[in-house]
Amino acid sequence: MYQSLFPRDAFAELDRLQREMREAFDLSPNIRGLGRGGFPALNVGGTPQSVEIFAFAPGLDPATVEIELDRGVLSIAGERPSGLPAADDGKAAVHINERFAGRFRRVLSLPDDIDPDGVTADYRDGILHISARRRESALPRRITVQ
Amino acid sequence: MSQTNDVTRNESATRAGAATRNDPAGRSDAALIPPVDVIEDSAGITLRADLPGVPKDKLSLQVEADTLTIEGQVSMPTPQSMEASYVEVSMPRFRRVFTLSKELDAGKVSADLKNGVLSLRIPKAEHAQPRRIDIKVG
């Protein structure tokens, strides 16, 4: 079972409960599951020109993050080091251990009108922002009456 | 339990109180609780908190009496015309409150924010540093 991303938040807990109920009753879930609660947390939005993905992934070395786009499927993978002392180190005590550590991979499918050459990513303040441009032919345009 | 474990206690009561004070609906002051790691060694306590999207100028750290408050506002480069289609992080604010214990030196807290991870170092007061006690055999 995955670790809750924002533990002890009453709203998050309610959300999790609701999700589990839904998962239990949903007879045809997405093939990749609902995925909520994984690391990094994702927000996705769209504009007429692009699809914007925000991954909340603090504490990463941007050089080690692998972003792949394969046949419209975007995957974000990497590893987050643990800042905790080794288990055999008797000198330090860990009182709270809530932060995610280890390897992660999140996968999402993008809409069909994405231009694979128009995907850019930047990392700032722990947010990985991926912007995927829609194809020129798919952009909304005004048609003039002849 | 030793007193140092006080730092591990989350002051949810204070948080709920603050929410109702500022806004009768209690929702606009709502914030996400950032996940933290707290590690103690003989010289002090290290606290690490995940605050993705919080720039240095939007982070507020306060030590008042024995209460440590971490608050941060998320700032994201969202395009104007964007419509959210899938949301896991629903509030642009983080907040968490801890109670410090008295052997910690709240005046010497040092903080560092890098790639959305806040690292706090709270040293123990001089008089609380460990020392070896010699046993005299008479």
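The values are calculated or read from the model by the stated rules, or taken from the named source; none is laboratory data. From a predicted model like this one, the values you see are computed outputs, not experimental measurements. Every residue, glycine as well, gets a Cβ built from its backbone with ideal geometry; the counts of neighbours run over all protein chains shown. For accessibility, only protein heavy atoms count, side chains too; no ligands or nucleic acids. Shrake-Rupley method; radii C 1.70, N 1.55, O 1.52, S 1.80 Å.
Just a few scattered comments:
- Couplings for region A:128-141, taken from phi via the Karplus curve 6.51 cos²θ - 1.76 cosθ + 1.60 with θ = phi - 60°, read 8, 10, 10, 10, 10, 7, 7, 4, 3, 5, 8, 5, x, 8 Hz in order; Gly and Pro are left as x.
- Of the residues B:Thr69, B:Ala111, B:Val87, the one whose Cα sits farthest towards the positive end of the charge dipole of region B:61-138 is B:Ala111 (charges of +1 on Lys and Arg Cβ, -1 on Asp and Glu Cβ, taken about the Cα centre).
- Accessible-area composition of region A:39-136, carbon plus sulfur, in percent [1.4 Å probe]: 47 percent
- Taking amide H atoms as placed 1.01 Å from N in the peptide plane, the amide H of A:Arg124 lies under 5 Å from those of A:His129, each 5 or more residues away in sequence or on another chain.
- Heavy-atom accessible surface of A:Phe104, to the nearest 10 Å², is about 10 Å², with a 1.4 Å probe and all protein chains retained.
- Distance from the alpha carbon centroid of region B:32-69 to that of region A:36-106 works out to 20 angstrom.
- Per-residue Karplus couplings for region A:51-56, computed as 6.51 cos²θ - 1.76 cosθ + 1.60 with θ equal to phi - 60°, are listed in order as 10, 10, 10, 10, 10, 8 Hz, Gly and Pro entered as x.
- Pairs exceeding 24 Å between alpha-carbon atoms, taken from B:Lys58/B:Lys114; B:Lys102/B:Lys136; B:Lys56/B:Lys108: B:Lys102/B:Lys136.
- Candidate aspartates and glutamates for bridging to A:Lys91, where Cα separation is under 16 Å - those fewer than 8 sequence places away on the same chain excluded: B:Glu40, B:Asp41
- Taking amide H atoms as placed 1.01 Å from N in the peptide plane, the amide H of A:Ile114 lies under 5 Å from those of A:Arg135, each 5 or more residues away in sequence or on another chain.
- Coil-residue trypsin sites (Lys or Arg not before Pro) of region A:67-108, DSSP, other Cβ within 10 Å capped at 14: A:Arg71, A:Lys91
- Solvent-accessible area buried by A and B, counting both chains, probe 1.4 angstrom, square angstrom: 3700 Å²
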